[in-house]
Amino acid sequence: MTIETPEGLSMTVPLAGVGSRFIAAAIDFAIQVTLVGLAAVVFLLYGVGGAVGPGLFSIAVFLVFFVYDVAFEVLSGGRTPGKRWTGLRVVRAGGQPVNFVTSAIRNLIRPVDFLPSAYLLGIASILATRRNQRLGDLAAGTVVARAPRKGVRPEQRVLPAVGLPPSLVAWDVSAVTASDIATVRSFLERRHSLEWGARAELARTMASRLRPRVGGVSESAPLSDEDFLEQLARVKGSRS
């Protein structure tokens, strides 16, 4: 999937196919069935809760088959245990992380995707749509993307422009235009709202275009793409 970013760049996000999504769903379903089995033992077999035991069991089933997916997708970066194991994550069509509303919509429609059985309608939708979306994804505006199995980096801030260290004083940024820096700052300001894979890809694209235009950058201790963009904005700001 190609996304046009506010910085005017195109970013490619690899999408998950039927096979990897089926494996992720099978893992999650096995976990859910296990949890429901434990709830049945507690509330029905041992009668915990007394007369309201069956009601508590029904609530547990709802929590397992609906709240499970929504909670993991919202709180764990779009990844249920099954998706984490297969290297997948749910993101919005613009590359942003899913929120409660989008996750709730895609999971409320999951029973429709299951029709007539074994997710046949959902599989047909994935195969027929350009972005491999089941009906729940189409309704919520989400996609399932492939993502590297790594956590989100700690939050960073753009360092102030004053007091440049010697390693940055030597940078020659004369070939970097004001428009370039505006694009860099736009990315740095909104990077924390991006899904990790999209954030890393966008930083890589911008850094690869700008590195050849900056002289005096030390090769002995190369900066990561995002760190390079931070320092570039800092140096340019000190000389504007």
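Can we say R191 is at pLDDT 85 or above and surrounded by 11 or more Cβ atoms within 10 Å (Cβ to Cβ)?
Values: at pLDDT 85 or above: no; surrounded by 11 or more Cβ atoms within 10 Å (Cβ to Cβ): yes.
No: the conditions fail for R191.
Restricting segment 185-198 to residues that are out of contact with any Asp or Glu (no Cβ under 8 Å at 6 or more places or on another chain) and part of a helix (DSSP H, G or I), the residue that is nearest to M1 (Cα to Cα) is A198.
Kindly indicate whether any position in segment 13-27 is of a type in the set (S, T, N, Q), buried (at least 16 other Cβ atoms within 10 Å of the Cβ) and under 23 Å from the mean Cα position of the chain (by Cα).
Step one: list which residues in segment 13-27 are of a type in the set (S, T, N, Q), which gives 20.
Still in the running and buried (at least 16 other Cβ atoms within 10 Å of the Cβ): 20.
Then keep just the ones that are under 23 Å from the mean Cα position of the chain (by Cα); that gives 20.
Within segment 13-27 (the criterion being of a type in the set (S, T, N, Q), buried (at least 16 other Cβ atoms within 10 Å of the Cβ) and under 23 Å from the mean Cα position of the chain (by Cα)), the answer is yes, since at least one residue qualifies.
Just to be sure, is V143 at pLDDT below 80, surrounded by 14 or more Cβ atoms within 10 Å (Cβ to Cβ) and outside any helix (DSSP H, G or I)? So V143 does not fit the description; no. Taking first residues from segment 199-211 that are at negative phi and partners that are in a helix (DSSP H, G or I) and of a type in the set (K, R), the Cβ contacts under 6 Å between residues at least 6 apart in sequence or on separate chains come to R199/R191. Scanning segment 83-123 for residues being touching a Ser or Thr at 6+ places or on another chain (Cβ under 8 Å) and aliphatic (A, V, I, L, M) gives a total of 5.
Considered as a group, the residues in segment 72-87 that are surrounded by fewer than 19 Cβ atoms within 10 Å (Cβ to Cβ) and among the hydrophobic types (A, V, I, L, M, F, W, C) include one that is nearest to Q32 (Cα to Cα), and that residue is W85. Against the list (1) more than 18 Å from the chain's Cα centre (by Cα); (2) surrounded by 18 or more Cβ atoms within 10 Å (Cβ to Cβ); (3) under 22 Å from A26 (Cβ atoms), the condition D69 fails is (1).
If you check E219 against the conditions, is it crowded, with 19+ Cβ neighbours inside 10 Å and either touching a residue at least 24 places away in the same chain (Cβ under 8 Å) or at negative phi (or both)? Judged against the criteria, E219 is not a match.
Every test in (1) at pLDDT below 90; (2) at negative phi; (3) surrounded by 14 or more Cβ atoms within 10 Å (Cβ to Cβ) is passed by Y119 save one, and that test is (2). Among the residues of segment 22-51, those that are of a type outside the set (D, E) and in contact with a Ser or Thr (Cβ under 8 Å, 6 or more places away or on another chain) comprise I23, A24, I27.
In summary, V48 fulfils each of the numbered conditions (1) surrounded by fewer than 15 Cβ atoms within 10 Å (Cβ to Cβ); (2) β-branched (V, I, T); (3) touching an Asp or Glu at 6+ places or on another chain (Cβ under 6 Å) with the single exception of condition (3).
The values are calculated or read from the model by the stated rules, or taken from the named source; none is laboratory data. Predicted model, so just to flag it, every value in this text is computed and none were measured. A quick note on method: Cβ atoms are made from the backbone with ideal geometry, for glycine too, and the neighbour counts reach across all protein chains shown.
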